[in-house]
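Working notes, structure below.
The values are calculated or read from the model by the stated rules, or taken from the named source; none is laboratory data. It should be emphasised that the depicted structure is a prediction, and the values quoted were computed from it without experimental measurement. Note: ideal-geometry Cβ built from the backbone for every residue, glycine included; neighbour counts use all protein chains shown.
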Amino acid sequence: MDEAVVSTFGFGLSDPALANLLQIVGLSLRVTLTALALAAVIGLPLGALIGISRFPGRKAVIIVVNALMGLPPVVVGLVVYLTLSRSGPLGALGLLFTPAAMVVAQTILIVPIVVALSRQTIEDLWGELGEHLRSLGLTDVAAVPTLLWEGRFALATALLAGFGRASAEVGSVIIVGGNIAGFTRTMTTTITLETSKGDLPLALALGGILICLTIALNAGAFAISRVGARHAG
Amino acid sequence: MRAEATILPLELDRLRFEADGRRLIDDVDLVVARGGPTVLLGPNGAGKSLLLRLAHGLVAPTSGEVRWAIGGGETAGRKRHAMVFQKPVMLRRSVHDNLIHALAAAGFCRSDRAARADEALARFGLRDHAGRAARLLSGGEQQRLAVARAWSLDPEVLFLDEPTAHLDPSATRAIETMITTLRAEGRTLVMATHDLAQARRLAARVVFVLGGRVVEDAPAEVFFDNPATEAARAFLAGELVW
Ligand SMILES: Nc1ncnc2c1ncn2[C@@H]1O[C@H](COP(=O)(O)OP(=O)(O)OP(=O)(O)O)[C@@H](O)[C@H]1O
Ligand SMILES: [Mg+2]
């Protein structure tokens, strides 16, 4: 992070405090980006398949996936907690209160967003391009890579939306991560803790960084749609 | 076009297509042998596009059969019939990449693709547009790319669905010249149109379609000079037929 940014957000934090802040920001980004990558790998092909296939109960699946977009993070946190806790079904993995547990929780939060938005995008593209692709000899499943690439701009925006949701949420990571200093403390959980303790400079600095992140995400989405319009007409 | 096993004749056997309780294609029997362009002529909604999509295998018939002389219209594992749609379908990538994508999807090996794409660009006057976004081309340029793309797949049979609808006279002439060239290469064309003048210019055989039925099927001169049915006479006279 360069000097200007540090002095803007450092609020006169001492060197160890600054190191602490950078560590927290780094962990937050690492957790959320890992969750986003996993959600993309799971969600994009899944959304595409739902988008192009016809099966009984498809409408119900779509309604459920759309509803899951609004899943309360604390509920996800609770379910992941119960699953990973020592007596839970995956307790033996010993993941509770680790960054891996936070990745799992955030992946669950992002997947429905990626599936729902990519399903809509791919379904529209399949309507437009389906006959051409089948004319070339592609089966439905073989057409998925083409459709994902055709929808790349809309899908990138969907991923940004997922990233935005995960980086701003606090409910699930605080439950499954435990907010352990230097290990599972993210920007949002730190703000929660420090505010209640009265350590406002660190909370404010992290809040500022989160706001900048949000602005950067929106600028990114805007830039993507501009580039998309140039290619797609 | 390479001389090899032919997928012709194509036989449509008592083909029927129903949707929402309406019979849209009604017991069509049609044989397409190797030869000059067959033009499906008929008013809007007659079922021309539907018949082409059934023949090309994009739509499954309610009953009846589409038969190719060999292997479902494939030789050496590659589909030998291609289609140009009424509304050109362009992928969100460059003109060149649209060609490459079609060649890859149709199963051409990597080493063949670039050469074929370049040849198609050169033949159809698209070289200057190679790097442009395909969807930002004009309607006429898009239709030209659609024909070039179908040609690059080296089809023995080419289905063309109103390839010049919405084009201006010079773009129409360019497409018609391309069609004549395809014919001269020994490809068999099956084309839908409701443009009488175009049918006169291009057709060797006319199949007059009305209400999902083949009402008349004759060599072009015979159809235009001496139509056998009242419906065809009315259509040629420019009177609406339903
Ligand atoms: N998949 C489908 N399901 C239901 N109805 C269809 C389907 N495809 C076509 N139709 C209907 O079949 C009829 C014939 O359509 P088609 O597109 O073949 O007409 P056309 O002869 O090509 O007309 P035009 O000259 O306007 O292109 C139309 O009434 C159309 O709405
Ligand atoms: Mg039509």
### Query
Quick one: which of A:ARG165, A:ARG152 is of a type outside the set (Asp, Glu) and within 9 Å of chain B (Cβ to nearest Cβ)?
A:ARG152
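Could you tell me which of the residues B:GLY71, B:GLY64 is small (Gly, Ala, Ser), modelled with pLDDT under 95 and out of contact with any His (no Cβ under 9 Å at 6 or more places or on another chain)? Walk me through it before giving the result.
Working: B:GLY64 fails: modelled with pLDDT under 95.
Of the residues listed, the single one that is small (Gly, Ala, Ser), modelled with pLDDT under 95 and out of contact with any His (no Cβ under 9 Å at 6 or more places or on another chain) is B:GLY71.
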### Query
Just checking, how many residues over the range B:114-135 are more than 13 Å from chain A (Cβ to nearest Cβ) and part of a helix (DSSP H, G or I)?
13
### Members of the range B:75-111 found to be over 17 Å from the mean Cα position of the chain (by Cα) and of a type in the set (D, E, K, R), listed by number
B:ARG78, B:ARG92, B:ARG93, B:ASP97, B:ARG110
### Summary
Exactly one of B:LEU40, B:LEU24, B:LEU50 is at pLDDT 95 or above, within 16 Å of ligand 2 (Cβ to nearest atom) and within 14 Å of chain A (Cβ to nearest Cβ), and that residue is B:LEU50
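Looking at the range A:32-44, can you tell me whether even one residue there is over 22 Å from A:LEU160 (Cα atoms) and not hydroxyl-bearing (Ser, Thr, Tyr)? Spell out how you get there, then give the answer.
First, the residues of the range A:32-44 that are over 22 Å from A:LEU160 (Cα atoms): none.
Scanning the range A:32-44, I find no residue that is over 22 Å from A:LEU160 (Cα atoms) and not hydroxyl-bearing (Ser, Thr, Tyr), so the answer is no.
For the range A:145-207, give me every one of the helices (runs of 4 or more DSSP H) that falls completely inside it and has 2 or more residues that are surrounded by fewer than 17 Cβ atoms within 10 Å (Cβ to Cβ) and of a type in the set (S, T, N, Q).
On the way: elements: A:152-168, A:171-177, A:187-197.
Because the criterion is at least 2 residues that are surrounded by fewer than 17 Cβ atoms within 10 Å (Cβ to Cβ) and of a type in the set (S, T, N, Q), the helices (runs of 4 or more DSSP H) in the range A:145-207 that meet it are A:187-197.
Confirm whether B:LEU202 is closer than 19 Å to B:GLY36 by Cα, under 19 Å from the mean Cα position of the chain (by Cα), more than 14 Å from chain A (Cβ to nearest Cβ) and away from ligand 1 (no atom under 16 Å from the Cβ). Write out each step before concluding.
Values: closer than 19 Å to B:GLY36 by Cα: yes; under 19 Å from the mean Cα position of the chain (by Cα): yes; more than 14 Å from chain A (Cβ to nearest Cβ): yes; away from ligand 1 (no atom under 16 Å from the Cβ): yes.
For B:LEU202, the condition - closer than 19 Å to B:GLY36 by Cα, under 19 Å from the mean Cα position of the chain (by Cα), more than 14 Å from chain A (Cβ to nearest Cβ) and away from ligand 1 (no atom under 16 Å from the Cβ) - is met.
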### Message
If B:GLY72 satisfies all but one of (1) within 14 Å of chain A (Cβ to nearest Cβ); (2) more than 8 Å from ligand 1 (Cβ to nearest atom); (3) in contact (Cβ under 8 Å) with a residue 24 or more places away in the chain; (4) not in a loop (DSSP other than H, G, I, E, B), what's the number of the condition it fails?
### Response
(3)
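If I filter the range B:98-110 for residues that are part of a helix (DSSP H, G or I), at pLDDT below 95 and away from chain A (no Cβ under 13 Å), do I get at least one hit? First the steps, then the outcome.
Going residue by residue through the range B:98-110, those that are part of a helix (DSSP H, G or I) are B:98-105, B:110.
Keeping just the survivors that are at pLDDT below 95 gives B:110.
Filter once more, keeping what is away from chain A (no Cβ under 13 Å): B:110.
Yes, the range B:98-110 contains at least one residue that is part of a helix (DSSP H, G or I), at pLDDT below 95 and away from chain A (no Cβ under 13 Å).
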### Message
Here is a check on your reading of the model: is B:VAL39 of a type in the set (Val, Ile, Thr), away from ligand 1 (no atom under 13 Å from the Cβ) and surrounded by 14 or more Cβ atoms within 10 Å (Cβ to Cβ)?
### Response
no
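For residues in the range B:136-166 being part of a loop (DSSP other than H, G, I, E, B) and within 15 Å of ligand 2 (Cβ to nearest atom), which is farthest from B:ILE70 (Cα to Cα)?
B:HIS166
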### Query
Any chance the range B:25-41 includes a residue that's under 17 Å from the mean Cα position of the chain (by Cα), among the small types (Gly, Ala, Ser) and farther than 20 Å from B:ALA220 by Cβ?
no
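When you check B:GLY57 against the structure, is it within 14 Å of chain A (Cβ to nearest Cβ), in contact with a strand residue (DSSP E or B) (Cβ under 8 Å, 6 or more places away or on another chain) and away from ligand 2 (no atom under 16 Å from the Cβ), yes or no?
Values: within 14 Å of chain A (Cβ to nearest Cβ): yes; in contact with a strand residue (DSSP E or B) (Cβ under 8 Å, 6 or more places away or on another chain): yes; away from ligand 2 (no atom under 16 Å from the Cβ): yes.
Yes.
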### Residues located in the range A:126-138, provided they are touching a residue at least 24 places away in the same chain (Cβ under 8 Å) and either within 16 Å of B:HIS56 (Cα to Cα) or at the interface with chain B (Cβ under 9 Å from one of its Cβ atoms) (or both)
A:GLY130
